[in-house]
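The values are calculated or read from the model by the stated rules, or taken from the named source; none is laboratory data. Keep in mind it's a predicted model, so treat the numbers as computed, not measured. Don't worry about glycine lacking a Cβ; one is built from the backbone with ideal geometry, like all the others, and counts go over all protein chains shown.
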Amino acid sequence: MEEALIECVPNFSEGRRPEVVEAIVSAMRVEGVRLLDWSLDPDHNRSVVTIAGPPPAVVESAVRGAGRAADLIDLTAQEGGHPRIGAADVIPFVPLRGVGLEHCVLLARQAGMEIWNRFQVPVYFYEAAAARPDRAILEDVRRGQFEGLREAVLKEPARRPDVGGPGLHPTAGASAVGARRFLIAFNLYLDTADVAVARAVARDIRHSGGGLAAVKAIGVTAHGQARVSLNLTDFTRTPVGQAFAAVSEKAERHGAKPVRAELIGLIPEAALERNSHWMRLLDGFQEDQKVLERRLEKPLAWPGSAVVAAV
């Protein structure tokens, strides 16, 4: 019988200091946990780490990462293009093998309690792990970002954390801990610098605006180009190719088109569409590095321990 396997994809609010991100990743090294991917986005000032392994070990790894992030990231001095409420901003648990989503809900609750007990960083539970229906959608939890939420929790009992608080951690904010299905993070760069085009396209295609099912999207500027950043929360309902076609159609109305694509994190084998236009636009795509099943077989080496100063 194969061992139970889950994935966790913590997002940290640091993408401009590689030594800080390396220190956080290094702190997440736990026996049995595989490091699958980690990347930095300087424009968003954000990093994404992907780990997988047996549930207890992955929970411990994620909790350690949240604690190290709280030590090293000061949100009062941090800014970037991505919404955030915490140093360890979001920590989702994802079932991969021999584990159901309902079990990942329990793991998320366990991780949230540990983050508060060990580091005094309060926690909100979201998506399948949400303790309240108004917190199922991550965007609702993060409304106002760190600065707005820091004030709101003192005035509005309905905005207070699920665990800990009532105030946020003074520099590390709060963490949103959840359970969800596999998510594909996919960016499309347009042949224009006009971010208004990317925002209009994102508004038209995201599910919350009446667009595609299981698609979240925002328009940003990155590397001097307008970019549509997509989160596909269920690729069986909206495949990558369908999302790409919708972006292309909407962008064409504004005289633009996608010219470059990138994956943040991994993609499952079942979501690949070989010889498709969107895959041809991917920068340096290598299956052994970006396909989930391949990376599980050959994980990355953990970085060495690093000692760095907090902001």
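In table form, for the structure just shown:
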quantity: Qualifying residue in segment 180-193 (condition: in the same structural domain as V240 (by TED's automatic domain parsing), without any contact (Cβ under 8 Å) to a residue 40 or more places away in the chain and touching a helix residue (DSSP H, G or I) at 6+ places or on another chain (Cβ under 6 Å)); calculated: no
quantity: Pairs with Cβ under 8 Å, 6+ apart, first in segment 45-65 and outside the structural domain of G98 (by TED's automatic domain parsing) and without any contact (Cβ under 8 Å) to a residue 24 or more places away in the chain, second small (G, A, S) and surrounded by fewer than 24 Cβ atoms within 10 Å (Cβ to Cβ); calculated: none
quantity: Candidates V121, V105 - the one that is at pLDDT 95 or above and assigned to a loop (DSSP other than H, G, I, E, B); calculated: V121
quantity: Test for W278: is it surrounded by 12 or more Cβ atoms within 10 Å (Cβ to Cβ), aromatic (F, W, Y) and over 19 Å from V215 (Cα atoms); calculated: no
quantity: Among the candidates E273, E262, E249, residue that is within 20 Å of T50 (Cβ to Cβ) and out of contact with any Lys or Arg (no Cβ under 8 Å at 6 or more places or on another chain); calculated: E262
quantity: Any chance A111 is surrounded by 22 or more Cβ atoms within 10 Å (Cβ to Cβ), farther than 19 Å from R46 by Cβ and out of contact with any Gly (no Cβ under 9 Å at 6 or more places or on another chain); calculated: yes
quantity: Enumeration of residues in segment 283-311 that are among the hydrophobic types (A, V, I, L, M, F, W, C) and modelled with pLDDT of 95 or more; calculated: V291, L292, L296, L300, A301, W302
quantity: Members of segment 202-212 found to be of a type outside the set (D, E, K, R) and in contact with a helix residue (DSSP H, G or I) (Cβ under 8 Å, 6 or more places away or on another chain), listed by number; calculated: I205, S208, G209, G211, L212
quantity: Pair list, Cβ < 7 Å and 6+ apart or interchain, from segment 220-245 residues that are surrounded by fewer than 17 Cβ atoms within 10 Å (Cβ to Cβ) to residues that are of a type in the set (F, W, Y); calculated: G241/W278
quantity: A246 more than 22 Å from D41 (Cα to Cα) and under 18 Å from the mean Cα position of the chain (by Cα); calculated: no
quantity: Residue check, A271 within 21 Å of the chain's Cα centre (by Cα) and surrounded by 15 or more Cβ atoms within 10 Å (Cβ to Cβ); calculated: yes
quantity: Looking only at segment 124-155, and only at residues there that are of a type in the set (K, R) and either touching a strand residue (DSSP E or B) at 6+ places or on another chain (Cβ under 9 Å) or outside any helix (DSSP H, G or I) (or both), the one that is surrounded by the fewest Cβ atoms within 10 Å (Cβ to Cβ); calculated: R132
quantity: Answer from R143, R199 - the residue that is in the same structural domain as V259 (by TED's automatic domain parsing), among the basic types (K, R) and either out of contact with any helix residue (DSSP H, G or I) (no Cβ under 8 Å at 6 or more places or on another chain) or free of Cβ contacts under 8 Å to residues at least 24 places away in the same chain (or both); calculated: R199
quantity: Answer residue from segment 156-174, given it is touching a helix residue (DSSP H, G or I) at 6+ places or on another chain (Cβ under 6 Å) and assigned to a strand (DSSP E or B) and is surrounded by the fewest Cβ atoms within 10 Å (Cβ to Cβ) among those; calculated: V163
quantity: Hits in segment 283-302 (condition: aliphatic (A, V, I, L, M) and buried (at least 17 other Cβ atoms within 10 Å of the Cβ)); calculated: V291, L292, L296
quantity: All positions within segment 47-80 that are under 22 Å from A217 (Cβ atoms) and crowded, with 18+ Cβ neighbours inside 10 Å; calculated: S47, V48, T50
quantity: Selection within segment 175-193 - over 17 Å from D140 (Cα atoms), assigned to a loop (DSSP other than H, G, I, E, B) and not polar (S, T, N, Q); calculated: R181, F182, L183, D191, A193
